[in-house]
Each structure stands twice: as C-alpha cells, then as structure tokens.
Amino acid sequence: MDMRIVYMGTPFFAAEILKRLHAENKDEIIAVYTQPDKLGGRGKNKLIEPETKILAKELGIPVYQPEKFRNNPEAAAKLKALNPDILVVAAYGMLLPQEVLDIPQFGAYNVHASLLPKYRGAAPVQRCLLNGDTLTGVTIMRMEAGLDTGPALLQQAISIDDTEENHHNSGTLLMDIARSGATLLLEALDLIRNGDITLIRQNGELATHAAKLTKQEAQTDFTKTSLEVHNHVRCFSPNPGATANLVLEEKEPVAVRIEAGYPLERTDFSPTEEQKQALCGEIVGIYEKYIAVKCRDSFYGIRSLRLAGKPSIDAKSFQNGYYRNNPRASFALPTERN
C-alpha cells in the first residue's frame, strides 16, 4: 500500500532529505509544510523563502506555512483535511501538539540529526562539534509531544572528520547527516508500510539538550585552548560564523568572522620563545597557510577570515593587506569587548 505523506521541514537539511524522498520513494508527497517566510538579506527588509519551500514549488508540491499548530485549530483542521497517512518531519522548527501527531494513521516520524537521546533539541550538530565529539549520527524517531523524546525506529552512526585537510564544520556535517538521514528514512518508510517496525524507548537518564545557538556564543575567546577555539569555529561555520574583533594599531577594532582554521600543535609549527610569551589573542605571525594566534595553551591557525563588508581572505592576503603594516595586531578578548 502506498502512503500519503505530508512532509514538514524548513532549512537546507530538510530540503536535501525531501529531494531524495521525492526521487526515490514510491509514496505520494501530498503537501509540504515549512515555517513562514522571514525577513532577511541586507537591511532585513526582504522576505526570504525557506529552502524546503523553494524545492517543493520546483517539484510542484503544495506548500503550507502556518504560524503555529499549538492552539491553532484551523491549522490542525487543514492538515486533517489532507488525509495524510504519515507525517515525515525534518528540522521543521516547530513543536507539534499531540492532537496533530494523532492525525495520520501511521503517526509522525522525525529525522533527527543525532544519536538520541543525546542532543535533543534545536542544534544537535553544532553542539556536538562545540563539545569536540568524534561520533554523531541520525535517528528516525516516532514523534511524541515532548521535545525529541519519542522511541527510535532506526539509527546510524557517523564519524566526525577532524584532520588538517578534512574536518567537518556544521555545514558539511549537516550535509553528511542529511544524506545518511535520507537513506535511513527510505528504509524506515518501507518498514512502516509493511508493518514491520520495532520501536526502542529512549533512556531519558542519558538525554542531553542541544539548545539553539545565541549571538553571544558566537564570539571567539582566545583565552581558551586552541582545541576549544577550533571546535568553536567548526560549530559556527559557515553560519552564522565565529565572530571576533580584530585590533589594528591606532585604528578602531574591526569585526571579523573566522571561517576556518586548525590547532597549530597538530602541525609542524614550532613557536619561538618570544611567541610563547605572547598574550592570548595576539597574532604572532604567519605560518605557511595560517595566521598564528596565541591561545591559553598553544596557538590556533586561522586559514580563512572575513572582515565586515569584505570578501573572505586567506593568510597570505591578510599578511599583505593588514599584518605587514600592523605587526602588533591582535584579537580582542571577551573583557576587552565589554
């Protein structure tokens, strides 16, 4: 029996899964739900459509964008009128009350970007990178009214790359999880369609929460270890970006985004005694393809950064455009930014 699917998702992670679902699954996707369009762009004066909405329109699938489902009987009634057999949810960004989850006969299943019960919540990928995890994964979970508390149907582990030339940031890791999640979802739908499911309850005592990232958290703190700075940059790249204030001689601090880098103790970098005595946040020189910055215990190498209003630059461009004339350049520390 083919199922009538209502798909719910908003950002590119959800769009990637929808693309596979549409191309490789035999069930009918009767509607796509995303969050409403939001103001964005320069000046925040342009309505930006979610990536999943854009894809759904290209595929000719009807799109619905209710403000909320909780205490919104009209939205619930419209969903019920579609007569879905199953809800498939991926990064929708909106809690669904139990009366909505009960509408389809086969329930609602979520593609969650972690190995639940670890990292329940809005930012599982970013939090696992921030914590320096080496393993994450994806869970296909039957949804309950609680936040990511439902039983798991399928799970798959995914290694987190962290070598000098190949290390995940939140964007690349999300893409890899989306690909694995789409494959796992196709397998799950076959099981559900055939009534061959075994659900495993989560152990709530092992649960951790992955809260949404804040603007304040994006500030880079060079008083931390170089590995902590590295994990911070990976967590916030590519969006919204790891922020810092670059202090040049006799000039006002310049806001920058640190896009990529690597702990220099993992390379052949050998600091001089003078460099070892530098203060946290001081730029001590250019080492190969890195801007070397003093941290608590070692040095972090910035490979790419972007000054406000400027394009991205590498270490060589930074040396020629800024460091050569500002050999005492540094990054402001948290106390200096307040």
Here is a check on your reading of the model: is Thr223 over 22 Å from Ala292 (Cα atoms), surrounded by fewer than 20 Cβ atoms within 10 Å (Cβ to Cβ), in contact (Cβ under 8 Å) with a residue 40 or more places away in the chain and touching a Lys or Arg at 6+ places or on another chain (Cβ under 8 Å)? no
How about segment 253-278: which of its residues are within 32 Å of the chain's Cα centre (by Cα) and part of a loop (DSSP other than H, G, I, E, B)? Pro253, Thr267, Asp268, Phe269
Given the criteria under 27 Å from Asn166 (Cβ atoms), in contact with a strand residue (DSSP E or B) (Cβ under 8 Å, 6 or more places away or on another chain) and at pLDDT 95 or above, does Ala244 qualify? yes
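Quick one: would you say Leu96 is aliphatic (A, V, I, L, M), assigned to a loop (DSSP other than H, G, I, E, B) and buried (at least 20 other Cβ atoms within 10 Å of the Cβ)?
On the way: aliphatic (A, V, I, L, M): yes; assigned to a loop (DSSP other than H, G, I, E, B): yes; buried (at least 20 other Cβ atoms within 10 Å of the Cβ): yes.
Judged against the criteria, Leu96 is a match.
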If we scan segment 35-46, do we find a residue that is among the aliphatic types (A, V, I, L, M) and either surrounded by fewer than 13 Cβ atoms within 10 Å (Cβ to Cβ) or touching a residue at least 60 places away in the same chain (Cβ under 8 Å) (or both)? yes
Pick out the one residue from Leu206, Leu199, Leu264 that is touching a Ser or Thr at 6+ places or on another chain (Cβ under 9 Å) and modelled with pLDDT of 95 or more. Leu264
Given the conditions (1) in contact with an Asp or Glu (Cβ under 8 Å, 6 or more places away or on another chain); (2) crowded, with 22+ Cβ neighbours inside 10 Å, every one holds for Gly9 apart from (1)
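The values are calculated or read from the model by the stated rules, or taken from the named source; none is laboratory data. None of these values were measured; they are calculated from a predicted model. Note that each Cβ is placed from the backbone with ideal geometry, even for glycine, and that neighbours are counted across all protein chains shown.
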